[in-house]
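Taking it in order: structure first as structure tokens, then the write-up.
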Amino acid sequence: MGEEAPLYTMALVSADSRIAELLTELHQLIKQTQEERSRSEHNLVNIQKTHERMQTENKISPYYRTKLRGLYTTAKADAEAECNILRKALDKIAEIKSLLEERRIAAKIAGLYNDSEPPRKTMRRGVLMTLLQQSAMTLPLWIGKPGDKPPPLCGAIPASGDYVAKPGDKVAARVKAVDGDEQWILAEVVSYSHATNKYEVDDIDEEGKERHTLSRRRIIPLPQWKANPETDPEALFQKEQLVLALYPQTTCFYRALIHTPPQRPQDDYSVLFEDTSYADGYSPPLNVAQRYVVACKEPKKK
């Protein structure tokens, strides 16, 4: 087992050098975006001035019509060029995030095989909650091209039927609690066996230190993109829809009704958790990020 560690160390070094390259490329793309924006600024000022002159003269002459058509054609081409650079930058960021995740998994495995290092201490509760919050905030927003439909795992859109979550992916996992009751927990995929159609997952709350072997139907992959309410409202859960949502400051999912869906890309859902201690059976509205809201397949309670 000890021989495995150098392999993972090499993987970490390789990931680090590729991340450094990508960061340099990202820096160049950001500079290009700024140059493109500065270049197109002059044209936008021209459009504004032309409109002001037309208002002063109170007429649209053929001259102004032709001039504006040319200016708007240039502005559209400039905007598309800037958009293409921004998309390339977003692709670089996605690749960097993917490499960082691979690096984290490699480090985790190296830790398992490396006898010289003491086992990692259990993460403090506050630190874990901060990490979960950061993960929700940095979940990328789906930005499609005109006419594109949001893909599976964008907002409320479920994974395709044959989808297999990758090692490191976060999922809602249905496990048996100590008291025998079933509960949905936040977990991380360790592996998937095509032979048995079962996942191995780790409880994200390391205090549990538990690994579970679960069938596919006990796993719900979490969204990999946020849906934009302004462009793709159909990719969000709607008011009064039944969902499983991560209860704030915990690592467990509970049944809830959507109170209000997000109105802007950075907004959370407002949900009402099922709670028998309230007269109407539901808690007051609580905010839960898109990252931690998934479809509930169980029927709604009467």
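The values are calculated or read from the model by the stated rules, or taken from the named source; none is laboratory data. Nothing here was measured: the structure is a model prediction, and the numbers come from that model. Cβ: placed from backbone, ideal geometry, glycine included. Neighbour counts: every protein chain shown. Areas reflect the complete protein model, heavy atoms only, side chains present, ligands, DNA and RNA absent. Shrake-Rupley method; radii C 1.70, N 1.55, O 1.52, S 1.80 Å.
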If r is the Cβ-Cβ distance from LYS49 to LEU86 and R0 is 35 Å, what FRET efficiency results, to the nearest 0.05? 0.85
In whole percent, what relative contact order does the chain give with Cα contacts below 8 Å and a gap of six or more residues? 14
Residue-span extension gain [GLU95 to SER135] - 0.36 nm each, minus C-alpha spacing: 12.8 nm
On the protein heavy atoms, probe 1.4 angstrom, tell me the percent of accessible surface of region 132-202 carried by carbon and sulfur. 56
How far is it, in nm, from the label point at LYS67 to the one at GLU25 when both lie 7 Å from their Cα along the line to the Cβ? 4.4
Just how far, in whole angstrom, is region 12-74 from region 223-302 if you go by their alpha carbon centroids? 39
Each residue of region 21-29 in turn: what ³J(HN,Hα) in whole Hz from Karplus with 6.51, -1.76, 1.60 and θ = phi - 60°, glycine and Pro shown as x? 4, 5, 5, 5, 5, 5, 4, 5, 5
Please calculate how many Å² of accessible area region 188-251 carries per residue, with a 1.4 Å probe and no DNA, RNA or ligand atoms counted. 52
Principal axis extents for region 238-289, Cα atoms only, whole Å, descending order, please. 33, 23, 15
Residue-wise HN-Hα coupling along region 210-219, computed from phi with Karplus coefficients 6.51, -1.76, 1.60 (Hz; x: Gly, Pro): 10, 10, 10, 9, 9, 6, 4, 5, 9, 10
7 Å from Cα along Cα→Cβ at both ARG39 and ILE143: what's the point-to-point distance in nm? 1.8
Rolling a 1.4 angstrom probe over the protein heavy atoms, how many square angstrom per residue are accessible across region 64-110? 62
Cα axis of helix 125-137 to longest principal axis of the chain: angle in degrees, 0 to 90, nearest 10? 30
At 7 Å along the Cα-to-beta-carbon direction for both LYS59 and ARG124, put a label point, then send me their distance in nm to one decimal. 7.5
Summed over the other residues with a beta carbon less than 11 angstrom from that of ARG291, with K and R at +1 and D and E at -1, the charge totals +1
In whole Å, largest first, the alpha carbons of the chain cover along the principal axes 81, 59, 37
For region 131-255, give me the percentage of DSSP beta bridges that are antiparallel, rounded to the nearest 5 percent. 95
